[in-house]
Amino acid sequence: MSPSVMSRDGPMYRVYDRHKRVFAALLAIVLIFVMGQFVVSTFLSLNQILITLKLASFIALFSLCQMIVMAAGGAGLDLSVGYTATITAIFTASVMSGRNDHLWMAILVAVGIGLAVGLSNGLLSAYLKLPSLVVTLAMSQILQGIINVYTAGALITGKPSPVLQILAAKSTGPFPNIVFLLVVVAGLAMVILYRTKWGARLFGVGENETAAYLSGVNTRRVRATAFVISGTFASLLGLLLLGNMGVAFKDMGSDYVLPSIAAAVVGGVSLQGGDGNYIGVILGAILLQALLNLLVALGWGDAGKWVGFGIVLYALLAAYVSNRRGR
């Protein structure tokens with residue numbers, strides 16, 4: 001291979017430099033699976049890999065919400081995605097009652113909840129300039145309060161429709177159907193984010209808000225829209241969680257908040273906005289799920305999950321800050 005190709009000005013180096021976090025995540029996934037094989041002889045089995053991909057798919061889908069909000073800049077994060085999904089699952093379980101012909105009503109309820117949550121977050125964050133961390137944390141507490149009042153002293157009744165169960169919990173051959181759904185969502189996300197004017201405006205606002213504003217972009221509307229999309233998509237994910245678990249319960253979506261942020265950071269989404277690759281985010285989700293599996297195999301249990309996520313997030317944030325200062 002010619003030196004010009006491998007040099008700092010060569011095409012391969014430019015590809016590596018632009019996507020080095022993606023390559024790092026891919027390498028880390030391989031290392032974790034190899035390490036896991038030494039701990040458990042079935043860690044690299046097809047069945048274990050497919051289980052990892054299924055669980056990672058849910059993290060990756062929630063991470064798309066975070067990626068869109070983070071890409072818009074303004075130190076955006078959405079801490080309300082977990083309880084948005086939970087309240088949707090609880091409210092729509094009784095709507096569907098295990099019937100496919102009621103699925104459309106559940107979807108309408110989910111979209112309505114998501115729009116209300118996302119619009120509230122977007123207006124407060126983008127137009128009133130309140131920190132999204134505070135706004136979405138407050139929203140998550142409000143949703144949790146509504147859930148507690150709604151479920152107080154009563155069982156959560158209802159079941160998902162068979163279609164949702166097939167989509168979220170079942171497999172086609174050995175491959176989980178949720179993985180196929182993730183592939184479809186990833187394709188649509190890549191087209192919208194990188195092939196449309198709205199996607200260009202989203203990244204433009206995140207990269208340089210002043211320049212985007214001077215170019216005629218309504219920066220506040222773009223950021224508010226990012227929260228609306230995040231809330232709506234998180235609400236629809238509540239239907240998938242319900243389909244996967246078969247029942248709705250309190251806190252069923254809260255465990256996805258930290259992993260969704262971690263996967264986005266691991267996958268290379270800039271905390272300052274203006275950058276992000278959803279393929280990298282998916283790899284970040286797989287990395288975190290593989291790490292969780294390894295910690296469980298080592299006997300760390302449920303506590304190890306949070307310790308592992310915390311360690312990875314801390315290390316990545318430290319490396320990110322160091323890299324920013326070195327520029």
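The values are calculated or read from the model by the stated rules, or taken from the named source; none is laboratory data. Everything numeric here is computed off the predicted structure, so don't read it as measured data. For neighbour counting, all protein chains shown are included, and Cβ atoms are generated from backbone atoms with ideal geometry for every residue, glycine included.
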Selection within segment 93-109 - surrounded by 22 or more Cβ atoms within 10 Å (Cβ to Cβ) and in contact with a Pro (Cβ under 8 Å, 6 or more places away or on another chain): ALA93, MET96
Count of residues meeting criterion [in contact with a Ser or Thr (Cβ under 9 Å, 6 or more places away or on another chain), part of a helix (DSSP H, G or I) and surrounded by fewer than 22 Cβ atoms within 10 Å (Cβ to Cβ)] in segment 234-256: 2
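Every residue, every condition in (1) surrounded by 14 or more Cβ atoms within 10 Å (Cβ to Cβ); (2) modelled with pLDDT under 95; (3) in contact with an Asp or Glu (Cβ under 9 Å, 6 or more places away or on another chain); (4) part of a helix (DSSP H, G or I), yes or no:
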{"residue": "VAL111", "(1), (2), (3), (4)": "yes, no, no, yes"}
{"residue": "GLY118", "(1), (2), (3), (4)": "yes, no, yes, yes"}
{"residue": "ASN121", "(1), (2), (3), (4)": "yes, no, yes, yes"}
{"residue": "ALA126", "(1), (2), (3), (4)": "yes, yes, no, yes"}
Since ASP101 meets every condition but one in (1) within 19 Å of THR232 (Cβ to Cβ); (2) of a type in the set (Asp, Glu); (3) in a helix (DSSP H, G or I), which condition does it not meet? (1)
Restricting to segment 257-277, what's the tally of residues that are buried (at least 24 other Cβ atoms within 10 Å of the Cβ) and among the hydroxyl-bearing types (Ser, Thr, Tyr)? 1
Grab the helices (runs of 4 or more DSSP H) fully contained in segment 162-222, keeping just those with 3 or more residues being buried (at least 18 other Cβ atoms within 10 Å of the Cβ) and not hydroxyl-bearing (Ser, Thr, Tyr). 162-168, 177-195, 197-207
Quick one: LEU288 ticks every box in (1) crowded, with 23+ Cβ neighbours inside 10 Å; (2) farther than 24 Å from VAL184 by Cβ; (3) within 16 Å of the chain's Cα centre (by Cα) except a single one, so which number is it? (2)
